[in-house]
Structures are given as structure tokens and as C-alpha cells.
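To start, the structure itself, in C-alpha cells.
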Amino acid sequence: MLSGDVWDADRAYRNHHVLRSHDALCCALPGGPAFGWVCSMRNRATLVAMSAVLLCGCGGSADTASPAAETTTAAGVSTPSSPPTSAPTATPTTSTPVTPTAAGTVVAAANSEFGDILFDQARQAIYLFDKEESAVAECYDECAEDWPPVLTEGAPVAGAGLDAALLGTTTRTDGTTQVTYASHPLYYYAHEGPDQVLCHNVREFGGLWLVVTPSGEPAP
């Protein structure tokens with residue numbers, strides 16, 4: 001396609017020769033120069049009409065698409081610009097709270113007037129109830145008021161002089177956990193203080209209450 005300046009010069013050149021051809025034709029018609037003024041006017045009208053046709057034929061479509069946005073690289077090559085990308089969003093992390101493990105009751109052996117027997121960490125003497133022939137507790141209500149069970153929140157801990165393999169637990173009817181030793185449910189006597197042993201070999205609630213040796217057997 002011709003550029004604007006070259007195209008205008010070419011169009012003027014062609015229009016000039018068309019006008020001169022029409023002037024020559026008009027002058028050769030009968031009437032000669034007298035008819036020339038009419039021909040000249042017609043030539044000008046013809047030129048205006050032809051110019052309008054040429055302009056309409058080369059103008060192109062008015063509805064042209066807008067050029068896409070471009071970016072120029074260092075080498076001078078135009079490339080379509082990409083939409084900006086957003087930075088990745090950090091995903092918040094949550095930590096799971098650690099539930100502390102409940103401390104178990106410590107049971108250890110210590111010396112007494114009946115030899116080495118079981119005590120808890122507060123030096124409270126521990127008994128078994130010979131009426132119970134298994135790990136299932138049978139002391140409840142009034143019995144449990146005088147002889148409260150040795151309870152634990154976590155796994156019981158074997159202290160000095162004890163066989164850890166003999167330590168265990170049993171679940172009472174109220175859902176609490178009672179410590180056992182050699183399959184005997186363990187109890188305190190409610191009316192004793194630390195290091196006291198007042199009720200060894202005492203019969204109450206249908207059986208004997210006996211302090212326990214590290215072997216799991218009652219003291220003599």
C-alpha cells in the first residue's frame with residue numbers, strides 16, 4: 001500500500017490527466033471553444049466525483065480492532081504483555097496442642113516394724129483386702145470410707161524396691177482407676193498418718209486387712 005504523501009501525488013497526477021483528456025474532448029466537439037466552458041465545468045464535477053470514489057475505495061474499514069498491548073524486549077521484538085501475577089498467599093499453619101500426660105501414683109518399698117512393705121510417695125502405708133481374690137475391687141460405700149482405694153490418674157510408677165511388672169490398675173464402678181499389685185487392689189487406712197501402720201491383720205467388712213511386701217504377699 002502507498003504511503004500518504006506518495007498516494008496524494010499519484011492521485012493528483014491521475015486527476016490532472018483525466019481533466020486534460022476531457023478538455024480536449026470538449027474542444028473537439030461541435031461549437032469548439034464556445035462549448036469549452038461547459039466542458040470545463042463538467043470536468044471539475046467529474047474530478048470531484050472521482051476523487052470521492054478513490055477516497056472511499058482506499059480508506060479501509062472504520063471498525064478496526066484495537067491493537068493488543070505489547071512490550072518490547074531488549075532485542076527490539078514486540079511481545080504481548082502478560083497480566084501481572086499475584087504473589088503466592090502464605091498458608092497459616094496451626095500447631096496441635098500437646099496434652100500433658102497425667103502423673104501416675106508412685107508406689108515404693110520402705111522399712112517398717114513388719115519389714116519392707118509398700119508405701120506411696122507421701123509415705124502412707126498400703127494394704128490389701130484378703131476377701132478380694134482377684135483384681136476386681138469389692139470395697140465400696142462404708143468400706144471405702146474407712147479404707148479408701150489407692151487411685152491414680154496415669155500409669156502407676158514403681159519406686160525403689162518394687163517389681164514394676166507386678167504393678168497394674170483396675171477400674172472401679174464409679175470410673176476411677178485403682179492401683180493393683182500382684183493382682184491385689186490396694187487401699188489406705190483412712191485414720192493413719194504418714195509412716196504409721198495401725199491396722200495390719202485387722203478384720204473389717206468381712207475380711208483381713210494386711211500390709212503388702214515387695215513380693216506381693218501380705219506381711220506376716
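The values are calculated or read from the model by the stated rules, or taken from the named source; none is laboratory data. Owing to the predicted nature of the structure, the values given are computational and were not obtained by experimental measurement. With ideal geometry, Cβ positions are generated from the backbone for all residues, glycine too; neighbour counts draw on all protein chains shown.
Overview of results
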item	result
Residues of the range 194-206 that turn out to be in contact (Cβ under 8 Å) with a residue 40 or more places away in the chain and either under 18 Å from residue 115 (Cα atoms) or among the hydroxyl-bearing types (Ser, Thr, Tyr) (or both), as a count	6
The lone exception for residue 184 - which of (1) closer than 14 Å to residue 118 by Cα; (2) touching a residue at least 60 places away in the same chain (Cβ under 8 Å); (3) not β-branched (Val, Ile, Thr) it fails	(2)
Hey, residue 96 assigned to a loop (DSSP other than H, G, I, E, B) and either modelled with pLDDT under 95 or of a type in the set (Val, Ile, Thr) (or both) or not	yes
Residue check, residue 190 closer than 18 Å to residue 213 by Cα and surrounded by fewer than 20 Cβ atoms within 10 Å (Cβ to Cβ)	no
Verdict on residue 171 being polar (S, T, N, Q) and either touching a Lys or Arg at 6+ places or on another chain (Cβ under 9 Å) or buried (at least 16 other Cβ atoms within 10 Å of the Cβ) (or both)	no
Residue 140 modelled with pLDDT of 95 or more, touching a Pro at 6+ places or on another chain (Cβ under 6 Å) and not aliphatic (A, V, I, L, M)	no
Flag for residue 176 being crowded, with 18+ Cβ neighbours inside 10 Å, over 18 Å from residue 119 (Cα atoms) and hydroxyl-bearing (Ser, Thr, Tyr)	no
